[in-house]
Amino acid sequence: MEANGITRRRLIGTAAAGAAVAAIPGAERATAATTGTTRAADVVIVGAGLAGLTAAREIVLAGRSAVVLEARSRVGGRVLTEQLGNGDYAELGGMFQGPTQDRIKALATAIKVGLWPTYNTGNNVFWANGRRLEYANSGPLGTAPPDPVVAGDIAAAVSQLDDMSQNVPVDSPWTSSNAEEWDRQTLDTWLREHTSGSDEFMAVTSAATEAIFGCEPRELSLLYTLFYIAASGNEQNPGTFERNFNTRYGAQMRRFQGGAMQVPNRVAGWLGDRVVLNAPVRSVAQSSSGVTVVADSLTATGQRAIVAVPPALAGRIAYDPPLPPLRDQLTQHMPQGTLMKFEAVYDTPFWRAKGLNGQAVSENGPIKVTFDASPQDGSPGIMMGFIGGHDARVWAQRPANELRDAALQNLANYFGPEALSPRSVLTFNWSTEVWNRGCPVAVLAPGTLLDFGAALRVPVDRIHWAGTETSTYWNGYMDGAVRSGERAAAEVLAAL
């Protein structure tokens, strides 16, 4: 990561955790036993992201014991808040919460992490090969640009995809009556057949999928895309594509006070020494009497295990006995997306004085989607840009100074020449993280859901699965991670 004087800090989620343990209901009964390099608990959890931490919290609240093994020296998984000094911070991972994302909101409320509105005053910017348009995101297309060259295709595609998604069951998309038809084509092929397929419209589509999935439309199964749309809601409200990409009444509507990492940090602090850092799990063995989970620093035993890491990482763990072929093949078909974040730090959010809210959509990269990521008080000004999919793969192989210059030129195109002179920049590539292998979510190509989807959440004897990729609602988001942890915890508690 280039930081121009800003040193990346590894944030340890268990700081001051010891005092928190005493406040946990039933702490004495629920605390996992420790003997040398062996830990014993009712449930052994692999991964201290939001899914694993949520599962552990639910299990402890139910009066049972849990131990969480985390490979890194921090908790949070795909949530990472970078401290810049003087109380300032930048969000390098998940950072937003919006309507129908009920479970992450409930968790934040329970641990006293507040929410505040994403800065959304003023116009958005659309950039297309030198053509620049300012527009209000309160119109019928929301964040999507109303540019006449692409607006008709956007409206038609979003409407059709929303309608089709209503026929996709969020808990079993592979059972849809159209599953075979939709899972044998990509989003790209469907869009080219049902819209003009113009270069400009397809470039806008790429901007959206690069930010949402970390990939290109040509990599996405149409069925998976429709499931993702259907999952962008809750039990009372059907999902919509607009809720994915909008700020106003969408998934980017709110942010977390003090940074999103406050949530996993506080849950980990509450759990105390039940969370073990620097403990990469290498194997999970199970027998008729329980499970044995071997990590680099210790071995944990329990009655049940929850593996709460991305499928691409879960597939790298050795299992004894081996996983059923369908489950094993599933993990091989769920690679992580490719996503980088570029953040430019300024003394002030200068774009606000120009009547701009800091949100841009562009046909030209490397940065094609931006957000005002400044702290709540607006100081310093931080402009965040997503670099995803093809652009991320290309630019990751080029010198850091070339990426910096190209990214700042993008920001200057959108917001003015002041963007060329930040006081510092941060570039974070999630694909270089050994314990992520990419971000923000798994990418499912045609055929994956149809052939392997049934193995996504089904426990393998004493092993249960969590992680945002296993969620029925808000798959790929923080809310989905929390939901998956709650579900997995309910499964194991019922079996104990």
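Tabulated values for the structure
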item	result
Extension reserve of the residue 235-residue 350 stretch, reckoned as 0.36 nm per residue once the Cα distance is removed	37.3 nm
Pairwise FRET efficiency - residue 194 versus residue 496, Cβ, R0 = 41 Å, nearest 0.05	0.25
The chain: antiparallel DSSP beta bridges as a percent of all, rounded to 5	70
Restricting segment 158-243 to GluC sites (Glu not before Pro) in coil, as DSSP defines it, with at most 11 other Cβ within 10 Å	235
Distance-filtered residues of segment 325-360 - backbone nitrogen under 15 Å, label point 7 angstrom along residue 132 Cα→Cβ	350-360
Sequence of 293, 458 from largest to smallest accessible area, 1.4 Å probe	458, 293
Charge dipole magnitude, Cβ of K and R +1, D and E -1 - segment 118-234, Cα centre, debye nearest 20	300
Helical contribution to [θ] at 222 nm, DSSP H n ≥ 4, -39,500 (n - 2.57), averaged over the chain, rounded to 500	-8500 deg cm²/dmol
Heavy-atom surface of segment 346-398, accessible at 1.4 Å and reported per residue (Å²)	31
For segment 48-113, size of Cβ-based charge dipole, Lys and Arg +1, Asp and Glu -1, in debye	240
Surface per residue (accessible, 1.4 Å probe) for segment 209-249, Å²	29
Trypsin sites (Lys or Arg not before Pro) restricted to DSSP loop in segment 361-432 with at most 15 other C-beta within 10 Å	423
Gain upon complete extension [residue 451, residue 397; 0.36 nm per residue less C-alpha separation]	16.0 nm
Nearby lysines by direct alpha-carbon distance to residue 368 (threshold 25 angstrom, same-chain neighbours under 8 apart not counted)	341, 354
In nm, spacing of pseudo-spin labels at residue 175 and residue 278 (7 Å Cα→C-beta vector)	4.7
Kirkwood hydrodynamic radius of segment 415-462, Cα pairs, Å	15.3
Alpha carbon convex hull of segment 210-280, volume per residue in cubic angstrom	180
Percent of Cα-Cα distances greater than 28 Å, calculated over segment 124-267	23
Fraction of accessible area attributable to carbon and sulfur, the chain (%, probe 1.4 Å)	51
Probe 1.4 Å, protein heavy atoms only - accessible area per residue of segment 276-327 in square angstrom	40
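The values are calculated or read from the model by the stated rules, or taken from the named source; none is laboratory data. This structure is a prediction, so every number in the text was calculated from the model and none was measured. All Cβ positions, even for glycine, are placed from backbone atoms using ideal geometry, and neighbour counts span all protein chains on display. Just the protein is used for accessible areas: all its heavy atoms, side chains included, with ligands, DNA and RNA removed. Shrake-Rupley method; radii C 1.70, N 1.55, O 1.52, S 1.80 Å.
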